[in-house]
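Worksheet for the structure shown next.
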Amino acid sequence: MPEARLASQNEHKLAELRSALPDWDLQLLEAEEFPPEDGDTYYENARAKARFGREVGPAGAWALGEDSGIEVAGLDGAPGPKSARWAGGAHVQRVLKALEGMEGEGRSARYVCELVALSPDGEELRGTGVLEGRIAEEPRGSEGFGFDPVFIPDGEERTVAELGDAWKARSSHRARAARALAELRV
């Protein structure tokens, strides 16, 4: 079981990744500050976090960097890698306000997650996960975090927050990225 440190302070992301990577001993990286998410792509941000984790984390542990966001058709693919900064902690309210009065294809959206893992000897693995869906007219559900109360995955009528944490642990963009990453480490 590889020991790994997630370069994040987000307990929700840690819980999701632990579910998706059951063969990994995954903990949060202990650090006062983390690198800014100022890259143009999810990969750049995830890789910067993994490199930071490799520098400050335990020498024998893998360093795991994650970046994710939402891309909304009616916002020309924004907010993308800038999702957290764009939302400013008001994820649901901000996206609903931005899409006010918009219907149909404009509400199409997708979650994207990029994971980068650096081994103790510097080997890099990368996993990408995408979850297609649409933005609901109003928030529903109590589980998950971020945009989950307004994100309805394709093939579903309920939001991710209604589908719940167990569904999310199996089917989210983050779970898909983790499975892609795990397949590389066979």
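When each of the peptides 15-21, 56-62 is scored by the mean number of other C-beta atoms lying within 10 Å of its residues, the order from highest to lowest reads 15-21, 56-62. Peptide packing for 104-117, 153-166 was compared via the average number of neighbouring C-beta atoms within 10 Å per residue; ordered from the highest value, the list is 104-117, 153-166. For the chain, the relative contact order is 20 percent, taking Cα pairs closer than 8 Å that sit 6 or more residues apart in sequence and dividing their mean separation by the residue count. Calculate how steeply helix 11-20 sits against the longest principal axis of the alpha-carbon atoms of the chain, using the helix alpha-carbon long axis, and give the answer as 0 to 90 degrees to the nearest 10. So the helix axis and the longest Cα principal axis differ by about 80 degrees.
For the Cα atoms of the chain, what angle does the longest principal axis make with the long axis of helix 42-56, in degrees from 0 to 90, nearest 10? The helix 42-56 is inclined about 30 degrees to the chain.
Can you count the Lys pairs in the chain whose Cα atoms are under 20 Å apart, with each pair 8 or more apart or on different chains?
On the way: 13/49; 13/82; 13/168; 49/82; 82/97.
Final tally of qualifying lysine pairs is 5.
Quick one: net charge around residue 143, please, counting Lys, Arg +1 and Asp, Glu -1 for every other residue with C-beta under 13 Å from its C-beta.
On the way: positive: 140, 158, 168; negative: 16, 148, 162, 165.
Within the 13 Å Cβ shell, the charges total -1.
How would you rank 80-90, 39-49, highest first, on the average number of other Cβ atoms within 10 Å across their residues?
Numbers: 80-90: 15.7, 39-49: 19.8.
Descending mean neighbour count gives 39-49, 80-90.
Within the chain, all pairs of alpha-carbon atoms sorted by distance into 10 Å bins from zero give the percentages 10, 39, 34, 15, 3, 0.
All of the numbers you see were taken from the coordinates with simple rules; none came from a lab. Everything quoted here is computed from the prediction, not taken from an experiment. When we count neighbours, we look across all protein chains shown, and the Cβ atoms used for this are built from the backbone with ideal geometry, even at glycine.
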